[in-house]
Structures are given as C-alpha cells and as structure tokens.
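Here the structure is laid out as structure tokens; the discussion comes afterwards.
The values are calculated or read from the model by the stated rules, or taken from the named source; none is laboratory data. Treat the numbers as computed from the prediction; the structure is a model and nothing was measured. No Cβ is skipped: glycine too gets one built from the backbone with ideal geometry, and neighbour counts run over all protein chains shown. In case anyone asks, the SASA skips ligands and DNA or RNA and just uses the protein heavy atoms, side chains included. Shrake-Rupley method; radii C 1.70, N 1.55, O 1.52, S 1.80 Å.
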There are 2 protein chains.
Amino acid sequence: MRERSHWGWGFKDRFPDREARTGIAAHASALLGFSAQEVLDPVPLEQIELREPAVAPPGDLVEILSADREDRALHSYGRSYRDVVTGFSGDYRRAPDWVAHPTSEDEIERILEWAGEDQLAVIPYGGGTSVVRGVERPLEGAHRGAISLDLSRLDRVLDLEETSRAARIQAGATGPVLEAQLQARGLTLRHYPQSYEHSTLGGWIATRAGGHYATLRTRIDDFVESVRMISPAGVWQTRRLPASGAGPDPDRIVLGSEGTLGVITEAWVRVSERPRWRARATLHFEHLYRSAEAARRIVQAGLHPANCRILDPLEAELNSVSSSKRAVLILAFESADHAVDVLLGRAIEIARDAGGELPDPPRISGPEGRAEGGEADRWREAFFSAPYLQNVLVSAGVIADTFETACTWDRFQELHAGVIAAVEKALAWSCGVGKVTCRITHVYPDGLAPYFTFLAPAKRGSEISQWTDIKAAASDAILAHGGTITHHHAVGRLHRPWYDRERPELFATALRAVKRALDPLGILNPGVLIDP
Amino acid sequence: MRERSHWGWGFKDRFPDREARTGIAAHASALLGFSAQEVLDPVPLEQIELREPAVAPPGDLVEILSADREDRALHSYGRSYRDVVTGFSGDYRRAPDWVAHPTSEDEIERILEWAGEDQLAVIPYGGGTSVVRGVERPLEGAHRGAISLDLSRLDRVLDLEETSRAARIQAGATGPVLEAQLQARGLTLRHYPQSYEHSTLGGWIATRAGGHYATLRTRIDDFVESVRMISPAGVWQTRRLPASGAGPDPDRIVLGSEGTLGVITEAWVRVSERPRWRARATLHFEHLYRSAEAARRIVQAGLHPANCRILDPLEAELNSVSSSKRAVLILAFESADHAVDVLLGRAIEIARDAGGELPDPPRISGPEGRAEGGEADRWREAFFSAPYLQNVLVSAGVIADTFETACTWDRFQELHAGVIAAVEKALAWSCGVGKVTCRITHVYPDGLAPYFTFLAPAKRGSEISQWTDIKAAASDAILAHGGTITHHHAVGRLHRPWYDRERPELFATALRAVKRALDPLGILNPGVLIDP
C-alpha cells in the first residue's frame, strides 16, 4: 500500500527531494515577490519523541489497537498549515495513546465502552485531512488517555440500488475507493472535495464537506439519504427517504456533528450516472467584482452550471491558469442525459452582458469523447496538487494557507474588500510582506463562497504565531462583514472562537443538551465544536 | 375583511347553500358509485357551548387577548377531516381560553412569560390549516388553560434585498399577503401549498410545508436563509447565509419543530424573479407505474420540471382533468430567464420512450403572454378548490380525506399496492364501499411523494371512528413499506404513533433534550411532535 506522510499532506512519494524543492521554492519566490528560504527536511520519524501509552488496552481489543510509532504519528494531527508545521518540526505531544482500526460496528461499540470505563477521549478519524484541528486529542481536561478511532477498514460499498440511484457505503471509504466501486456499475457519487484522495464519506458527513461543483449538490448534505451512527447511548439509524416532513430532520444533526455525538459508520447516499455531455468556456473580466456579477446573474437565471469558478488575477497566475492579469470565470455544464451547449451558450451571453470576454471558443463534447486541455484542466490539476505544494512551501519557510467563507451577494464586495485589507495588514505586521488572493468556488441564488489564499515569508520557529495572527485577522473580518467562519471546512478547535460568536447562543444550549444525551460521559472528540 | 368559516375550510362565503350542495353531492355520488346522503347544516356558532375562560388575563395583555365566541371557535381546531366533522357537529371542547393577537415580539415574550407563570399551554397559530391536529389545546396534562397565539397581525415583508433575491418576512403573512408585497417588486416566493390562501410563512417553516412544484425547491426547507424564533429561553436568531459548514445547521432544528420549541416570528427567505417562459404538456399512460417510470427517468436526467405531477385514472376523472381512464402525467417547465421548450422536448421524449402518449401538442409561451387552458389548468383549479369540496362532502355524509408519503423509487410499486390494498380493506370493513386514488406530487432523483385520496359513505355520528380506522390502516401500510408518515404535513398529534416508530429513538432522546433546554416549563404546544 502506498504510504502516507506522517507529517504532511498525502502520499510520502509526492514529497520532492531537496533539489526539486529548491527549484519549486525559487519559482514561487519569483511569482510571489518575496524570497523563499533554504529548504529544510522534516524531523525523521525515528527521532520523534512519543510518550508511552498512558493506558493498557483490554485484552479483547488488542488485535485492532496499534501503538506503532508511525501509526501514532500519522494520527496525531490533521493537515492544516499549523499541523504540517507542527509535524515537520517533530512535535508529537498530541499523539494518541492508541490507534484503533475496527473492522465492525461491534468493535466500535467495544471501544466506546472501554473509553467510557477508562475515561478516555475517542477521536473519530476518517482521512485525517481536517484543517481545523478536528482530529487531535485534547491535552487539557479530565481524560486519562486518547484513542484515535480510524475508520479506514470500513470502506466498502455495501449496497447499490440502481433504480433509486442510491448506495449504502461505509464511512471509512475514501473518494477514490468508493468511486472505483461505483464506477464498476456506471455510477458516481460525483463529490470531489480538494481532499478527495484521502478524505472519507464519514468525514465528509461529520464536517459537512463541500465538493468541487458550483451549484445544486454543492455539499455532502445534499447527498445523504440516511445515516447510521454509533453513539455511546446507542445506534442512530435513519430511514432511507428522498424527503420527509416528519419533525426536524435527524440527518441534519449528524451532518456537522464532527464526531462529538457519535461515530458515523455508514450512509445511504444519492449517486448518479456518469456525465457524458460537457460544455465549457473561460471568460476574462477586468475586475473580480464584474466576474462575480456575471456568476450571480447566471445562477439566478436558474442555469445550474457544474462549474462556475472565479479566480482573481493573481490566483489565476499562481495556479498557472492564465497570466492575463484579469479575473477568470470558468464555466462548465455537464449531463448524463442531454447536450448542454445551449445552456452554456445562455450563460456565456449573460457573462458577456456583464463585461466578460471570451478569448477562446467554448469546448463542447458529446457522449463519444471528452474535450481535454485548456484553462479549466490546468486549474483542476493545480486544485488537487495544491496541498502537496503546501508541504514544499513549509519546508522552504513560506507560510501558505487558505480559508473560505460564504455570504449573501449583497455583502460580497464589502466582505471581500474588508478581508483582503485585514489580511494584508496582518501580513505586513506579522511577515513584512505577503500576498492574498481570492477565488469563488460555489454560487447560490442568494450568495457565494469566496475562498482566500495567503502566502508570506515565515520567520522560522515563529511560523505558527505569525499564522495565528493572520488567521485571526481574517476570521474577525469575515464575521464583521456577515460571512460564516466556514463554508465547508467545519469548526474543529481552530474556528471555535468565531463559531461561538456566529451561532445563536440558544442553539449552543440545544446542542449541548443533545451532546449530554448522546455522550453523557463526554468521551467523543472533546474540545471540538462545543463544550459539554 | 372576508370572514373565515369557524368550522370548515376557508372562507365562509365559499360554503354553498343547501341546494347547491345537494347538486354537488349528487354529482359526486354518480362519480363515486355510492350515494351521498341528505345534506345537513353545521351547528350554528350561536348554539355552540363554550366554557368560560379558566384564567383571567394580566392587565397589560387585555388589549391583545380575545375571548370572542367566533375567535375561540375558529382557533379550536385545524382543518383535517376529523376537525371539520368535529366543528360541524358543534363540539368545541378544545376551544382555547384566550386567543392572543400580538403585534410585536415583545408581546409574544409577555405571553410566554404569563403562560409560564400561570401554567398555560401556548399553541402557536398561523393559518390554522393543520391537518394533523397541530393547533389544538391538550385536554389532558397539567396545564390550567390554553392560549391560541395567532400570528396574523405580523404579516409584513420587512426587507427586500434584490441583489441576493432574499426577503425578510414576518411569520404571520399568508401566501397571498406575502406574494402581493413581493409582486410589487417583480419577485415571488413561488411556494404554493394547497393551503396557500390561508397558511402562513411561520406555519410552513414550523411544519416543513411542501409547495406545488415538483422538483428543486419542493419544500419550505429549501427557501429558508435564516430564521428568528422566540422561545421561553430567549431569542433564536440565525445569520443570513447562502450556506455554511459551521456545525449542524441551526435552521434545521426550527424547521419541523411545530411550535414546540418556540414561536417563529420572521425569516429571511429566498425569492426569485417571476417566471416568463413556460412550456407544458400532458401525457397519458396505460398504467400509473408506467407514468411513474417516466417521471423517474425525467428527474434522474436532471431536467428539473416545475411540474411533474401524475394522476391515476380515477384521480384524473374525479378532478375533471381527463376521463380517458389512463394515468396522466402533467409536465411543465418554467424560467424567468430563458425558453424552456427544449427541456420539455427532451422530457417528452423520455416519457414517450417509457410508453407515454401525447394527445395534444405542448403549450409553449414566451415573455409576452401565458398559454392558458388545458388539462393542467383544470388540474390547478381543482387543486385549490379541493378543501372546499371537503366541506360540502362532510355536510353530505361522505368521508373524504387525503394522506401523503414519500419513498425511494425502488419501493414505490410495493408501497402503492400495499397502501391501496390496506385502504380498500379498511374502507370495505368500515364503510362497506369506498374509493381510493393516488397521485404523485413531487419527484426526486432517489424517490417520490405519492399522495392518496379516499372517499366513502359515512355512518353519521360514527364518521370519526370510521375515518380513524382507515387512517390507521393507511399509516401502518406506509410504514411497513418503507415510507414516511408524512412528506409535507407534519406530525402534530395525529401522526405521533407512526412518527414514534419512524424516527430513531436516539433522535427522540436528543429532541427531548432540546425541548427541555428551550422550553423548560413545557408550555409550548404540548402533545404535539414529542413528549417532554
């Protein structure tokens, strides 16, 4: 099996050697206008200090529990900038005492039982791709130890019901693993978060993950038909239904619960036929706001593009999509049933009315083949590679991170300007220089999801403090301008201070009541989302 | 102001005189194959016995409290068959002690305060169109009295935000009242439940009401951008957001809470431009299942028809839509932005492949005018008049009621056959004869919402017992075949036994915990949805 990096994003073999990294760093320096530093190597696994497990496992669980060095290191952190820097520097104080690899719900129940008896924290772990400190143990608090509960052995498509286009899938299946099983039957979940290679269905549900597509089924919420969760108080299993008006929707409490209420073990999700018709085009605009206006009119026209992604000029350049110094709108339509060129044509018409220019003709493809190449493809490649680039930049002393929000259309310009100003000020103050860019990833009739990237030179050893200041400035600005602290990256520990201001206090009261009812001993993912 | 019937559906002036009713009853008898009975008159308002209010109101609330005979009678029941029969017969034991007509949130808070101090039940009341016993007082329990909290004086569109296509609307606004205010700006909520004339935004949110449209925004859940609710524990106000991934969605606890957690006072909802392009067609099929198969393929093709409504042969005949003895599929597309005839064309192609016949050419209309007439219009007229017909049938000794469910496509045929068989058996047993019909109102990629109507001769004085047997048989069959007890009519008191079987027991535990946190004294709508 291809090995994962214990400290950085993704597969070990995707971390380039020192020479290649030096080249990438030099290229980045040229683009960014500030210098990357000498590339360093991460502290090797063998040199990491790990405490002895604080508790001994019960005999009947020995076979599924691991205290292996690499396993514990891998399960210590998610993959935020902060996590990668921490792991790179060899700080593994948060390593769990044990990593559990259950193969059945019975074993999960046994682990929860043990944790209750021995006052252990249980951290449900899917792909470990959290960027909000959602999969790490608490250091404070009353727990005697911590178990990382890895769902990866529960990764099968258990049922495929083609008439209703629905599949029952185990929570530990990653994107590629579940898609391979669906593809054998000509179907697809068609949910592609940037973390797709490693993140899992259960993780997506727990964190309300966003996919790649711009409209309609934008987030995993829209795919869930029913869900199964093991909580300390018992099993939570909802009925398979396309819709119901019977009381508040039980699935909507599980969605976003971030492992604090139970361990999601499987779900029925809505799948679809693989698209066969495609049509796409790229338009250029003088200013980000003009392209956003075009996107607004397109989505309010009820056109439902699969992709309606906007890059500001610097974002387009950094991602090798375009060096035109203009904002880029990537439009794509797709269908498994019918040609979509008419829809694209209408969207282009709207975009041109809003000031867009179409440098190249649209690319249309029918059932016989898919048009490849062009700016959209360059974008997609950059999209899935970005987290790997972060590994390299960390090793080269560059702070590189992203954050996203969502707001209504009327607030976008003010929010964008406010966030850019706040981040630029924080970059100047913390790092001297730096860049911040914006793209738009999802559009709704009533609003949009702007997604920001910031890059700056790190002061080695103080990166996390620099980064914390920038992140706080950005988050404050988002809240001040009517955004949400996250469109699709959950709350974890990282977003807690802003989440606590964003959500109604009475909802926190309600959620705490639910938490106490389902997890009375408070063993599940303590410190994440809410306090008991 | 046009007066509402204190016992039956809708406006007083829509209840025909005895002669007209006799004519309608005769016509119905001919269609149904059993005889309606002599038409009777409801017990007049003056002859109704009402208890004296059990409690005296506090001085500062006197101006907004009413113990008026008609007001109390009107607020005693919803408008299920059972309610109409009960009101017709003059049984007003469930009349509230007082009807409150607050004009502000402060007054609502004061009412909740008073109710807490004096142990009174508070029943939030929108349009009073509940068909699940959702707006009546408890007779059992510890409450010393009951207040019906009528939101109708809070009926304004407070803000209209055209860039984001969103409006802030008070909870007491009925469909026509809010649409009139939106129409002045060229916008529409485009949510048309059958109760549209009388039901309110707050009621829709509290009960997760379904609208008229078959795909995309089928239920009010999809329209809510943020919501404001006054609960005994304080104010619950969510942020206006197009989407957020920050924790479980707080709005989704309010949606479906049926007045048990708080009083919804306003919401930001997603509005849209009024449609200008329309295209529709009607297809005939040999069998209901063939038409359902066509609808499945259309919705799974991603075509999003505004209407994709199926009537079985008897339903089509009873609604004067068609007497062809075939199943009828009504297809309609509409858009505010672009022509939709191509989409309709593809949907017709799919429907024909599935065995549909197109007796008449499609009706296409552009921005200049709307094509009127045809089977779809006859259907719409019948749709909004149906509840008025129920008043007449009650007076003529005919049991007439509907119920709906939702299930995945794979279960539809078995569920349909099982429900029809169970209801026919119950009709034979309870009434000797009777008819049951089915239509399909909403379609989803993974399932559909079948809607059943039953009609049978009543044994006067025993109608409610007959009806209860039929309803129980239908509900048992729905649950047995994987359906939900309601697609869009909520739980109330009526659906409790089946809801309690349908939802996960752990969810009930969670919901009870939320209830205790928000309404610790248990004053809000006791007996509905959950027990504390």
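Taking amide hydrogens as placed 1.01 Å from N in the peptide plane, the amide H of B:C407 sits under 5 Å from those of B:L448, each at least 5 positions away in sequence or on another chain.
Net charge near A:A406: determine it from the other residues with C-beta under 12 Å of the C-beta of A:A406, scoring Lys and Arg +1 and Asp and Glu -1. Don't skip to the answer; put the middle values down first.
Values: positive: A:R208, A:R219, A:R411, B:R239, B:R240; negative: A:E404, A:D446, A:E502, B:E225.
Once all neighbours under 12 Å are counted, the net charge is +1.
The phi-based Karplus calculation (6.51 cos²θ - 1.76 cosθ + 1.60; θ = phi - 60°) puts the 3J(HN,Hα) values of the stretch B:178-185 at 6, 5, 4, 6, 6, 4, 4, 10 Hz, whole numbers, x for Gly and Pro. Dipole orientation for the stretch A:435-532: of the candidates A:S462, A:G522, A:A477, A:S462 has the Cα lying most toward the positive pole (charges on Cβ; Lys, Arg +1; Asp, Glu -1). Across the identical copies, the 7 Å label point of B:E3, projected outward along Cα→Cβ, sits 8.6 nm from its counterparts, in ascending order. With helices as the sole contributors, chain A gives -10000 deg cm²/dmol at 222 nm; each DSSP H run of n ≥ 4 counts as -39500 (n - 2.57), and the sum is divided by every residue. Label-to-label distances for B:S323 across copies, nearest first, come out at 7.7 nm, using points 7 Å from Cα in the beta-carbon direction. Surface composition of the stretch B:158-283: carbon plus sulfur atoms contribute 45% of the solvent-accessible area (1.4 Å probe, protein chains only, all chains present).
Please give me the summed charge of the neighbours of A:L288: other residues whose Cβ is under 11 Å from its Cβ, Lys and Arg +1, Asp and Glu -1. Mind dumping the intermediate values first?
On the way: positive: A:R290, A:R326, A:R439; negative: A:E286, A:E293, A:D312, A:E315.
Within the 11 Å Cβ shell, the charges total -1.
Placing +1 on the Cβ of every Lys and Arg and -1 on the Cβ of every Asp and Glu, with nothing else charged, gives chain A a dipole about its Cα centre of roughly 920 debye.
For chain A, the solvent-accessible area of protein heavy atoms averages 35 Å² per residue (probe radius 1.4 Å; ligands and nucleic acids excluded).
Computing FRET efficiency as 1/(1 + (r/R0)^6) for A:L50 and B:V43, where r is the C-beta to C-beta distance and R0 is 60 Å, gives about 0.15.
Measuring gaps between exposed loop sites in chain B (GluC sites (Glu not before Pro); DSSP loop; at most 12 other Cβ atoms within 10 Å), the longest gap, sites not included, is B:141-367. Couplings for the stretch A:199-208, taken from phi via the Karplus curve 6.51 cos²θ - 1.76 cosθ + 1.60 with θ = phi - 60°, read 6, 10, 4, x, x, 4, 5, 4, 10, 6 Hz in order; Gly and Pro are left as x.
Just add up the charged neighbours of B:A396: K/R +1, D/E -1, any other residue whose Cβ is under 14 Å from the Cβ of B:A396.
-1
Post the alpha-carbon centroid distance, the stretch B:220-249 to the stretch A:484-532, in whole angstrom. Computed from Cα coordinates, the inter-centre distance equals 16 Å. Dipole size of the protein assembly as shown about its Cα centre, with +1 on Lys/Arg Cβ and -1 on Asp/Glu Cβ: approximately 1080 debye, rounded to the nearest 20.
Measuring from centroid to centroid over Cα atoms, what is the spacing of the stretch A:290-345 and the stretch B:39-56 in Å? Cα centroid to Cα centroid, the span is 63 Å. Close amide-amide hydrogen proximity is noted between B:D401 and B:F454, each under 5 Å apart and 5 or more residues distant or on a separate chain (H modeled in the peptide plane; Pro and chain starts excluded). A loss of 20 Å² or more of accessible area (1.4 Å probe, protein heavy atoms, ligands and nucleic acids excluded) relative to the isolated chain is seen in these residues of the stretch B:496-522: B:Y499, B:E502, B:P504, B:L506, B:F507, B:T509, B:A510, B:A513, B:V514, B:A517, B:L518.
Pull up the DSSP beta bridges for the stretch B:99-173 and report the antiparallel fraction as a percent, rounded to 5. Write down the numbers at each step before the final one.
Values: 4 of 12 bridges.
The answer is about 35 percent antiparallel.
In the assembly of identical copies, B:L40 has its label point, taken 7 Å from Cα in the direction of the beta carbon, separated from the corresponding points by 9.0 nm (ascending, one decimal). Along the axis of the charge dipole computed for the protein assembly as shown (Cβ charges of +1 for Lys and Arg, -1 for Asp and Glu, origin at the Cα centre), the listed residues A:G302, B:S430, A:P367 are led at the positive end by A:P367. For B:V263, the amide hydrogen comes within under 5 Å of the amide hydrogens of B:I230, B:S231, counting only partners 5 or more places away or on other chains and with H modelled in the peptide plane.
Take the residue pairs B:K325/B:K459; A:K515/B:K471; A:K12/A:K425; A:K425/A:K459 and return only those whose Cα atoms are more than 26 Å apart. Walk me through the numbers on the way to the answer.
Values: B:K325/B:K459 30 Å; A:K515/B:K471 36 Å; A:K12/A:K425 36 Å; A:K425/A:K459 17 Å.
Cα-Cα > 26 Å for B:K325/B:K459; A:K515/B:K471; A:K12/A:K425; rest within.
Gain on full extension, evaluated as 0.36 nm per residue between B:D531 and B:R501 minus their Cα-Cα distance, stands at 9.4 nm.
Looking at the protein assembly as shown only, what percent of DSSP beta bridges run antiparallel? Nearest 5 please. All intermediate terms of the calculation are to be shown ahead of the outcome.
Values: 128 of 148 bridges.
Antiparallel: roughly 85 percent of the beta bridges in the protein assembly as shown.
Between A:R18 and B:A480, the modelled label-to-label distance comes to 7.6 nm, taking each label 7 Å out from Cα in the direction of the beta carbon.
Whole-Hz Karplus values for the stretch A:520-532 come out as x, 8, x, 8, 8, 6, x, x, 8, 6, 9, 8, x Hz, taken residue by residue from phi with 6.51 cos²θ - 1.76 cosθ + 1.60 and θ = phi - 60°; glycine and proline positions read x.
If I take R0 = 41 Å and measure r between the Cβ atoms of B:Q183 and B:D353 in this structure, what FRET efficiency does the formula 1/(1 + (r/R0)^6) give, to the nearest 0.05? Walk me through the intermediate numbers first.
On the way: r = 39 Å, r/R0 = 0.96.
So, using R0 = 41 Å, E works out to roughly 0.55.
Put a plus charge on the Cβ of each Lys and Arg, a minus charge on the Cβ of each Asp and Glu, and nothing anywhere else: the dipole of the stretch B:443-524 about its Cα centre is then about 300 debye.
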